[in-house]
Every structure is written in C-alpha cells, then in structure tokens.
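The values are calculated or read from the model by the stated rules, or taken from the named source; none is laboratory data. What you are looking at is a predicted structure, and each value in this text was computed from that prediction instead of being measured. Ideal geometry is used to build each Cβ from the backbone, glycine not excepted, and the neighbour counts take in all protein chains shown.
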Amino acid sequence: MLSEAVFATLFDAEARYATFKDKWPHDFENVTPRMLADNGFIYSGNEDHVQCFACGKELQNWEETDNIMDEHQRRNECIYVSHIKSGGSASDLNLERGIMILKEIYRRTIGAIDNGAVFEASDLKKCFNGSKAKRKPKKKL
Ligand SMILES: [Zn+2]
C-alpha cells in the first residue's frame, strides 16, 4: 500500500502519470500509463500494482483485454470514477468533488493511523509542497 498522506499530492493527473514513467512493465493498448493515470491510478513501482488516489482501490495482474474503468468499479464506489463517468475529465475536478475525495483520503489516513500506521514527516511535506515544488524555476532572460 502506498502512503496515504502522499495521495493528496496526486489530484494532478500529470503527477499520477509521472509515477509510471519508464517503469510500467506492460505494452498493452487498453491499459496504458496515461489511461491508468486519467482513471485515478498511481503506480506503486512494484510489478503492475496500481492504486486509486481517490478510493484507494488496489489492482494488479493486468491483462491485455482488461477495461480499466470496469476493473476500477468492480464492487467499488469511487467518487473519481463517478466524476469521469458524468463527463468530467482528469483536469476539471470541481471544488465539491475535490473536497469529497479529500475527506475520503483523510478518512482512510485516520483509519490507517488507528491501525498502527506510522507516517514520516516527509509524507506531510509532500502533502503541502505538492507538485509545484518539482517545477523548474523560470529562466531569466
Ligand atoms: Zn477510485
């Protein structure tokens, strides 16, 4: 399982996509890093194990014929999938849905802490710095 606190930085589809970079083991047409990232998934870096930033669903052992959204929704209610299905895209989460997802992330985080998970200070840092910290500074002319 990925660190829950890190999830708050992964609202950004590009940040999710970056987790797959040069590491994804498959070359399937129906299960690409871009499609997985747009569907809310983050790559764990381990085999083909991914996890949704919003609902926390974990999936692995992908096959060429899999449909990402079907797998994501199986016995699962995901706010992010509802957003995509209602015509939303990876880049237009509104505030209301964003807050619902954050609440879900915090609920899971608190559950994990109750179960004895320990978070590092660096997890919190990632939370607050977000992906902005990784952007290159503007070039001076
Ligand atoms: Zn989900």
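Data overview
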item	result
Pick from region 51-72, criterion closer than 20 Å to Arg108 by Cβ and modelled with pLDDT of 95 or more, ranking: surrounded by the most Cβ atoms within 10 Å (Cβ to Cβ)	His72
Region 15-47, subset over 25 Å from Met100 (Cβ atoms) and crowded, with 18+ Cβ neighbours inside 10 Å, residue modelled with the lowest pLDDT	Phe20
Filtered residues of region 39-74 (kept if of a type outside the set (S, T, N, Q), away from the ligand (no atom under 12 Å from the Cβ) and more than 16 Å from the chain's Cα centre (by Cα))	Glu47, Trp62, Glu63, Glu64, Asp66, Asp70
Selected residue (criterion: nearest to Thr109 (Cα to Cα)) from residues of region 5-50 that are touching a His at 6+ places or on another chain (Cβ under 8 Å) and in contact (Cβ under 8 Å) with a residue 40 or more places away in the chain	Gly40
